[in-house]
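Values quoted throughout were computed directly from the atomic coordinates according to the rules given, and no laboratory measurement underlies them. Since the structure is predicted, the reported quantities are computational estimates derived from the model, not experimental observations. A quick note on method: Cβ atoms are made from the backbone with ideal geometry, for glycine too, and the neighbour counts reach across all protein chains shown.
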């Protein structure tokens, strides 16, 4: 989600696809090498994109799939990131 006027962006990353260190981010037991390489490439791409946005003056917030279940904490983080005036 991009908030152009604020130069802020929120990414919602799937734990598996983006290599989060949580139970949802586990590598499958088959084709381990394929999945490990794929997810590592995704992580490198993610870091490159976050760095590019930072260089352009944008702030980024990454929310993980596993964090979406706690609505109170999620709301708090988003308000803190975007500011009180939504």
Exercise. Quick one: residue 51 ticks every box in (1) surrounded by 10 or more Cβ atoms within 10 Å (Cβ to Cβ); (2) over 15 Å from residue 9 (Cβ atoms) bar one, so which box is it?
Worked result: (2)
Exercise. From the set of residues in region 68-84 that are over 19 Å from residue 24 (Cα atoms) and in contact (Cβ under 8 Å) with a residue 24 or more places away in the chain, which is surrounded by the fewest Cβ atoms within 10 Å (Cβ to Cβ)?
Worked result: 83
